[in-house]
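The values are calculated or read from the model by the stated rules, or taken from the named source; none is laboratory data. Values in this document were obtained by computation on a predicted structure and should not be read as measured data. For neighbour counting, all protein chains shown are included, and Cβ atoms are generated from backbone atoms with ideal geometry for every residue, glycine included.
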Amino acid sequence: MTDAASQPAAIRPRVFSGVQPTGNLHLGNYLGAITRFVSLQEAHECLYCVVDLHAITVPQNPEDLRSSIRDVTAAFLAAGIDAKRHIVFNQSRVAEHAELAWVLNCVARLGWLNRMTQFKEKAGKDRENASVGLYAYPALMAADILVYRAAFVPVGEDQKQHLELARDIAQKFNNDFAAEIEARGQGEAFFPLPEPLIQGPATRVMSLRDGTKKMSKSDPSDNSRINLVDDAETIAQKIRRAKTDPDALPSEIEGLAGRPEADNLVGIYAALSGEAKQEVLRQFGGGQFSGFKGALVDLAVAKLGPIGTEIRALRADPGHIDRVLADGAERARAIARPTMDAVKDIVGLLR
Ligand code: AMP
Ligand code: TRP
């Protein structure tokens, strides 16, 4: 067989993605990112990173941070990421991320970072009081990807602008140092421009309480999201209480326009069942929400229940999680170090 999965890792295209260890992982993280991580394993060489340095751009309680790092790792493993064939690690263990980020801070322009909408949202009104790290966050994210010279980056819709910035930074580095890159026999482009993979029916899962807001770890209402650790009863309650409108479900996609809550629940059903939204509407169109919600509860519990159970089991063995992370970091560093050494040479830093 010559399928991609049977090729040696070195010639399979490289994938990198990161998830922040802040609060509970939810259905949006799962459908927008983690399920994609799982399916990419077949034909790619994957690095999945718990981005703890990104988490500390806003204040964190150290004890909670430690347990969140382990929890995200547990969720990766419970969802089906294979930490032996691929690499699972936490960002701060591989110092090359922060090292390259500094160089990229000096490549990125203030004007580029000023345009980042996530900074504006997260900094809120009191921008003067935001950390410098929160502002520089996208340059660290670019370093995460570029230090492995990854080809593909699976993320949810909200990360699109950061990925575009990573490409701009890579391009500017390649241009600024073109002569040195060429002279050192590194070809024309030292950093490949990473491609975002923003695909699937659930790149933007919305809050269960308000179909115009994205499902988020930081929403004060726990009823707005389904957490991966929620038990069956909690999942059922949250879905039954999810906001809807008084009309029946439409039979055609067009009928979802202007009905954000209906659109969101149909999208979630489609993503969990692996069907197109149109197919979901073919089954439930014309019916009331109560019947549809019952089916959605069954589906969500069937898909998420076993993952929650596995996460809880892994939580009981933090030593195992810590060994996975330490081993992953060692293998990640073996890829990152040569890139960083080459960057130092290209820029003119002695080592
Ligand atoms: P974060 O928890 O912000 O580190 O996000 C981890 C991953 O989940 C990123 O790829 C995000 O784009 C994705 N993600 C977060 N929230 C959602 C959402 N509501 N819908 C879809 N994807 C999401
Ligand atoms: N910024 C991403 C988020 O909040 C997390 C992240 C950090 C990331 N570094 C990354 C995602 C590199 C993809 C690639 O979701």
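Screening the stretch 214-235 for residues that are free of Cβ contacts under 8 Å to residues at least 40 places away in the same chain and within 16 Å of ligand 1 (Cβ to nearest atom) and picking the one that is surrounded by the fewest Cβ atoms within 10 Å (Cβ to Cβ) gives Pro220. Scanning the stretch 139-162 for residues that are within 13 Å of ligand 1 (Cβ to nearest atom), more than 14 Å from Glu99 (Cα to Cα) and surrounded by 17 or more Cβ atoms within 10 Å (Cβ to Cβ) turns up Phe152, Val153, Pro154, Val155, Gly156, Asp158, Gln159, His162. For the stretch 41-56, a residue qualifies if it is out of contact with any strand residue (DSSP E or B) (no Cβ under 8 Å at 6 or more places or on another chain) and either within 10 Å of ligand 2 (Cβ to nearest atom) or free of Cβ contacts under 8 Å to residues at least 24 places away in the same chain (or both), and the qualifying residues are Leu53, Ala55.
Among the residues of the stretch 241-251, is any under 20 Å from the mean Cα position of the chain (by Cα), outside the structural domain of Ala78 (by TED's automatic domain parsing) and touching a residue at least 12 places away in the same chain (Cβ under 8 Å)? The answer is no; no qualifying residue exists. Being among the aliphatic types (A, V, I, L, M), outside any strand (DSSP E or B) and within 14 Å of ligand 2 (Cβ to nearest atom) holds for only one residue in Val103, Val15, Val72, Val38, and it is Val72.
Which residue is farthest from Val301 (Cα to Cα), if the candidates are limited to the stretch 8-60 and must be touching a His at 6+ places or on another chain (Cβ under 9 Å) and hydroxyl-bearing (Ser, Thr, Tyr)? Here the answer is Tyr48. Conditions first: (1) within 20 Å of Cys49 (Cα to Cα); (2) modelled with pLDDT under 95. Arg312 passes all but one, so which condition is the exception? So the condition that Arg312 fails would be (1).
Exactly one residue out of Gln41, Gln60 is of a type outside the set (Val, Ile, Thr) and touching an Asp or Glu at 6+ places or on another chain (Cβ under 8 Å): that is Gln41.
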